[in-house]
Ligand code: HEM
């Protein structure tokens, strides 16, 4: 739940790109996308849309609890993309992250320090999500 919420707020890739394989018209809006047109899918826009994630700035892992996650609409949560080109490392990445977290939290406590930037400041000069400067934390051995 915590990792899912981290990847909602900070999804690494801010958009996905696809090239339209054939001219396609949406019945609901009449909008037509011509063949070969490139489409950008705004991951961050979807992840911060209050229609899909109420109070989107709030870090709330409960959004991904077993009871709540079934209400998440398909294609509104895309940290690993979706469809035939979805991330092949998704399961591996989640497994490694969970193991790393367990090892860290088993022996150390992490806390903010006077120099920690709250809220986290993001670096706008890169096309993926990354914090600006260093990330300062107080680490105590348990
Ligand atoms: C938290 C970690 C990771 C995130 C957030 C992530 C995210 C993504 C995203 C958004 C895509 C594009 C998917 C799409 O276009 O629908 C992608 C593709 C891909 N990822 Fe990851 N990824 C992660 C870790 C990994 C790891 C650990 C591996 C390899 C061991 C990996 C291998 C790949 C490959 C090969 C593709 C291209 C798949 C294709 O085009 O068919 N990723 N990833």
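The values are calculated or read from the model by the stated rules, or taken from the named source; none is laboratory data. The model shown is predicted, which means the values in this text are computed figures rather than measured ones. Glycine also receives a Cβ, built like all others from the backbone with ideal geometry; neighbour counts cover every protein chain displayed.
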Quiz item: In the list 55, 17, 49, which residue meets the criterion of being in the same structural domain as residue 78 (by TED's automatic domain parsing) and closer than 15 Å to residue 83 by Cβ?
Solution: 17
Quiz item: So residue 100 fits all but one of (1) assigned by TED's automatic domain parsing to the domain that holds residue 126; (2) in contact (Cβ under 8 Å) with a residue 24 or more places away in the chain; what number is the exception?
Solution: (2)
Self-check item: Candidates 7, 12 - the one that is touching a strand residue (DSSP E or B) at 6+ places or on another chain (Cβ under 6 Å) and within 20 Å of residue 130 (Cβ to Cβ)
Solution: 12
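Based on this model, can you work out whether residue 78 counts as surrounded by 10 or more Cβ atoms within 10 Å (Cβ to Cβ), in contact (Cβ under 8 Å) with a residue 60 or more places away in the chain and part of a loop (DSSP other than H, G, I, E, B)? Steps first, answer last, please.
Details: surrounded by 10 or more Cβ atoms within 10 Å (Cβ to Cβ): yes; in contact (Cβ under 8 Å) with a residue 60 or more places away in the chain: yes; part of a loop (DSSP other than H, G, I, E, B): yes.
Yes: the conditions hold for residue 78.
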Quiz prompt | Selection from segment 91-129 of residues that are over 22 Å from residue 14 (Cα atoms) and part of a loop (DSSP other than H, G, I, E, B) | solution = 112, 113, 114, 115, 116
Self-check item: Residues within segment 1-44 that are closer than 30 Å to residue 98 by Cα and surrounded by fewer than 13 Cβ atoms within 10 Å (Cβ to Cβ), tallied
Solution: 2
Quiz item: So, in segment 130-142, of the ones that are under 25 Å from residue 103 (Cα atoms) and part of a loop (DSSP other than H, G, I, E, B), which residue ends up farthest from the chain's Cα centre (by Cα)?
Solution: 142
Self-check item: Filter result (under 26 Å from residue 119 (Cα atoms) and either in a helix (DSSP H, G or I) or near the ligand (Cβ under 9 Å from one of its atoms) (or both)) within segment 52-67
Solution: 61, 62, 63, 64
Practice problem: Tell me which residues, restricted to segment 68-78, are farther than 14 Å from residue 1 by Cβ and either within 14 Å of the ligand (Cβ to nearest atom) or in contact with a helix residue (DSSP H, G or I) (Cβ under 7 Å, 6 or more places away or on another chain) (or both). | Solution: 74, 75, 76, 78
Quiz item: Pick from segment 9-51 the residues that are outside any strand (DSSP E or B) and within 11 Å of the ligand (Cβ to nearest atom): which of them is nearest to the chain's Cα centre (by Cα)?
Solution: 11
